[in-house]
Amino acid sequence: MPAASSGPGGRGWLLRLVIAFCFAQGAVSMARPAVSYRALSLGADERAIGVIAGVYALLPLFAAVPLGRRTDHGRCAPLLPVGVVLISGGCALSGTADSLAAMAAWSGVMGLGHLCFVIGAQSIVARQSAPAEQDRNFGHFTIGASLGQLIGPIAAGALIGADTGRTSAFALIVSAVVGAVSLTSLWRIEHKRPRSAAPERAGRVPVLGILRTRGVPAGIFISLAVLSATDILTAYLPVVGEHRGIAPATVGVLLSLRAAATIACRLVMTPMIRLLGRATLLTCTCLLGGLLCAGLALPVPVWALALMLAVLGFCLGVGQPLSMTTVVQAAPDDARSTALALRLTGNRLGQVAAPASAGLVAGVAGVAAPFVMLGGLLLVAAGLGVRGPHAAETGCAPSGARGTARPATDDRRRPTARGMRTRRPPGCAHSKDPRITERS
């Protein structure tokens, strides 16, 4: 797997980061359906499942921006082992919990750990990738998540049997061990930056200023919609399986099929971007994904469900890496981690609101109704995909600069690339610049 070609450390840092992310995400993907099955064994209904799934995102909702600020002005790597410890602890303690309230609390700890890991890892990729490499490196980075999402549900389905209360608890303990394995890959991932390259604390960019940057809100919402779809699929497909008589092992295979299609998508991300362009690719995949999500509400046979989930997984594979690139290239250099944290805050807001809304919808209209809601969310994201990402695609940076490409904004607030605070190359504001086309 190729990594960033620039900077010290060669090609190994991205590969080690992908391996660590694979195990961390595998633990979470194994634990999420196990939490749902264990909650059902403790007497939870569809609404309670929605609340527990929402609490997973509640603590991260408040912690994302402070962690992003800290990462902008310091090292990223220390967040990774902290995240792993919280993930493994949340998984293990969820397996020993004997009440729905305790399960919700430890689910929140698991979510906080996942946030710490992802903020640190995404910031490393953004910081150590040249602008022309960001689509590729973020795509390869998210393969780690997809591999975890592929393996985790299969493992959970294999471990969870007829006695869901006991076997789901065992699956949660195993997921804690899987998460801890990622610690073995967390070495020499972050390169040391020269002192002059570190952003100064005095130059903090206001959060509202970042959110007003063209391209950032669209990237955040697209990421929110795609992650909400993935999250509710993971949490609610077991519930749909219970109602339709689909065995837990089959549900695990279906979820893993979706993840395998996402991996396939990210392996061919670069040629798809070259063929269609980032905005068109985002729009088309969100549109088709929305239609397929709504189609999951239909009482189709298992083979049709598998086919729909495979195509849906391919479509959902586009949104996360390209929304990362969109946000990073739109944000100022000294606020990239904060911008990524705002994107994750949007993700977690979706993970709080979407499951809670899904629980209410499921309680009123049936367990398949949340998928119709997700379809509508992805259709809105498709509309934003037509407009929002163009800002990142028309950005520019000096040739050879390590900094991030910038959107073309008005002269009063034009961001510049790192190391070019007062100068910019001629023609930078024009979308016809050939360097922009090549980089996009």
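Worth pointing out:
- The range 312-361: number of residues that are surrounded by fewer than 24 Cβ atoms within 10 Å (Cβ to Cβ), of a type in the set (A, V, I, L, M) and touching a residue at least 60 places away in the same chain (Cβ under 8 Å): 6
- Of all residues in the range 265-284, those that are in a helix (DSSP H, G or I) and either open to solvent by less than 20 Å² (accessible area, probe 1.4 Å) or within 24 Å of Ile154 (Cβ to Cβ) (or both) total 9.
- Note on the range 52-81: residues that are open to solvent by 20 Å² or more (accessible area, probe 1.4 Å) and assigned to a helix (DSSP H, G or I) amount to 12.
- Enumeration of residues in the range 236-264 that are closer than 20 Å to Gly144 by Cβ and either among the aliphatic types (A, V, I, L, M) or surrounded by fewer than 24 Cβ atoms within 10 Å (Cβ to Cβ) (or both): Leu255, Ser256, Leu257, Ala259, Ala260, Ala261, Ile263, Ala264
- Selection status of Val216, modelled with pLDDT under 85, of a type in the set (Val, Ile, Thr) and open to solvent by 20 Å² or more (accessible area, probe 1.4 Å): no
- The residue pairs whose first member lies in the range 294-309 and is at pLDDT below 85, whose second member is basic (Lys, Arg), and whose beta carbons are closer than 8 Å, counting only pairs six or more residues apart or on different chains, are Pro299/Arg244.
- Within the range 82-110, being assigned to a helix (DSSP H, G or I), hydrophobic (A, V, I, L, M, F, W, C) and either open to solvent by less than 20 Å² (accessible area, probe 1.4 Å) or at positive phi (or both) holds for Val84, Ile87, Cys91, Met103, Ala104, Met110.
- For the range 220-235, the tally of residues that are over 12 Å from the mean Cα position of the chain (by Cα) and open to solvent by less than 10 Å² (accessible area, probe 1.4 Å) stands at 3.
- Residue check for Ile119: crowded, with 24+ Cβ neighbours inside 10 Å and either on the phi > 0 side of the Ramachandran plot or assigned to a helix (DSSP H, G or I) (or both): yes
Per-residue answers, yes or no, for (1) closer than 16 Å to Ala39 by Cα; (2) crowded, with 16+ Cβ neighbours inside 10 Å; (3) of a type outside the set (S, T, N, Q):
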{"residue": "Gly148", "(1), (2), (3)": "no, yes, yes"}
{"residue": "Asp163", "(1), (2), (3)": "yes, no, yes"}
{"residue": "Leu172", "(1), (2), (3)": "yes, yes, yes"}
{"residue": "Ser182", "(1), (2), (3)": "no, yes, no"}
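The values are calculated or read from the model by the stated rules, or taken from the named source; none is laboratory data. Just so we're clear, the structure is a prediction, and the values are computed from it rather than from any experiment. When we count neighbours, we look across all protein chains shown, and the Cβ atoms used for this are built from the backbone with ideal geometry, even at glycine. To get the accessible areas, we keep the full protein, side chains included, count just its heavy atoms, and leave off ligands, DNA and RNA. Shrake-Rupley method; radii C 1.70, N 1.55, O 1.52, S 1.80 Å.
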